[in-house]
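Following: one structure in structure tokens, then a few remarks.
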């Protein structure tokens, strides 16, 4: 039970739900609010499934009885993992008071699921039309993760190298697709390497909006290759609308397809998702054969830049694999060297690794997979924590991560 008290009542709404009295405000400018555990209008916990606070677990983090979360996360309380529930409760009040458009928060600490909350989108999606908005209201809904897809593609490139499908990151794109070279292209494109694509340094313009140059019709890959360069391949990533390119990451997906003989989604299922316990039915991965409003392309490539929908608990498994240096239950899924390279800062305007964003000026530091509208998989090595956020707008999330979630573990 949490009380928030000030001096004056304004626009109070009273609801009865699960026999719990909830008094909540309708507008941001409240002067008095008294909230019990389940705010019916603003956020929601699914009472039909185990919650992080419901299952007692050993206090010794990852003791002998701790199972890897391949078949589901073991739950624990924040206090059992040396976290503060009070600060997390304060976070929920902050989300309410600032009307932060968050859809879910999932926290893994010391290998345990210590916090999982799902929130209601009362602004963007009043008709609950999940199929068109991808907004998550329940734990039974996959969430579109947008450009967090890129970080998963980065892991897949590392796995492909580990298994010998790709030699190294110095290989150029056209080593794999020599037949795709066109003499009318900018000759600098011949120098684009896997390394450049991983670091957003290909020089390909990211501001060329679909439909891409139409001269190649329905050949999706050729249309991507025709995108102009705005700088030399290998020049530092400057984080502009030009330099941030989803098309370049789809070229990495094409390389995986060519070298493994599988669609990227199928390769991911066998070498990444299945080993960590993410079944195929839990995933959605879009590709170029889908109608995108312009064309239904005749060359099928799984999109690399943004196309995955998945559950937050499965997103947490991706983060936990990285937290454990690519190891899962005694098996090295991706090399520890690749995980280290992924979180290494390379020259550029902001800290950025192999398609992973790096924190700047905060302690403890962290790295994250980030997608539009506030999708995040955050890996905090120093305190053994993974944070997953899904949202329909990226508002005040740095504050949620640093001032509440991380603070709850170090206060």
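The values are calculated or read from the model by the stated rules, or taken from the named source; none is laboratory data. All of these numbers come straight from a predicted model, not from anything done at the bench. Positions of Cβ are backbone-derived with ideal geometry, glycine not excepted, and every protein chain shown enters the neighbour counts.
Structure above, values below:
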read-out	value
Test: residue 361 is out of contact with any helix residue (DSSP H, G or I) (no Cβ under 9 Å at 6 or more places or on another chain) and outside any loop (DSSP other than H, G, I, E, B)	no
Every residue from segment 335-346 that is at pLDDT 95 or above, assigned to a loop (DSSP other than H, G, I, E, B) and touching a strand residue (DSSP E or B) at 6+ places or on another chain (Cβ under 8 Å)	343
Tally of residues being modelled with pLDDT of 95 or more and part of a helix (DSSP H, G or I) across segment 371-411	16
Filtered residue count, segment 249-272, keeping only those that are without any contact (Cβ under 8 Å) to a residue 24 or more places away in the chain and under 18 Å from the mean Cα position of the chain (by Cα)	1
Identity of the residue in segment 352-395, touching a residue at least 24 places away in the same chain (Cβ under 8 Å) and farther than 18 Å from residue 319 by Cβ, that ends up surrounded by the fewest Cβ atoms within 10 Å (Cβ to Cβ)	372
Residue 355 vs. criteria closer than 20 Å to residue 115 by Cβ, touching a helix residue (DSSP H, G or I) at 6+ places or on another chain (Cβ under 8 Å) and outside any strand (DSSP E or B)	no
Check on residue 345, within 21 Å of residue 246 (Cα to Cα) and out of contact with any helix residue (DSSP H, G or I) (no Cβ under 9 Å at 6 or more places or on another chain)	yes
Test result for residue 163, modelled with pLDDT of 95 or more, surrounded by fewer than 22 Cβ atoms within 10 Å (Cβ to Cβ) and under 26 Å from the mean Cα position of the chain (by Cα)	yes
So residue 349, is it farther than 30 Å from residue 274 by Cβ, in contact (Cβ under 8 Å) with a residue 60 or more places away in the chain, in the same structural domain as residue 159 (by TED's automatic domain parsing) and in contact with a strand residue (DSSP E or B) (Cβ under 8 Å, 6 or more places away or on another chain)	yes
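Here's the yes/no breakdown for (1) in contact with a helix residue (DSSP H, G or I) (Cβ under 8 Å, 6 or more places away or on another chain); (2) loosely packed, with under 15 Cβ neighbours inside 10 Å; (3) over 28 Å from residue 331 (Cα atoms); (4) modelled with pLDDT under 50:
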{"position": "47", "(1), (2), (3), (4)": "no, yes, yes, yes"}
{"position": "50", "(1), (2), (3), (4)": "no, yes, yes, yes"}
{"position": "59", "(1), (2), (3), (4)": "yes, yes, no, yes"}
{"position": "62", "(1), (2), (3), (4)": "no, yes, no, no"}
{"position": "78", "(1), (2), (3), (4)": "yes, no, yes, no"}
{"position": "90", "(1), (2), (3), (4)": "yes, no, yes, no"}
{"position": "100", "(1), (2), (3), (4)": "yes, no, yes, no"}
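Let's see how each residue does on (1) at pLDDT 85 or above; (2) buried (at least 19 other Cβ atoms within 10 Å of the Cβ); (3) closer than 26 Å to residue 357 by Cβ; (4) assigned by TED's automatic domain parsing to the domain that holds residue 287:
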{"residue": "177", "(1), (2), (3), (4)": "yes, no, no, yes"}
{"residue": "183", "(1), (2), (3), (4)": "yes, no, no, yes"}
{"residue": "190", "(1), (2), (3), (4)": "yes, no, no, yes"}
{"residue": "200", "(1), (2), (3), (4)": "yes, yes, yes, yes"}
{"residue": "214", "(1), (2), (3), (4)": "no, no, no, yes"}
{"residue": "217", "(1), (2), (3), (4)": "no, no, no, yes"}
{"residue": "227", "(1), (2), (3), (4)": "yes, yes, yes, yes"}
{"residue": "242", "(1), (2), (3), (4)": "no, no, yes, yes"}
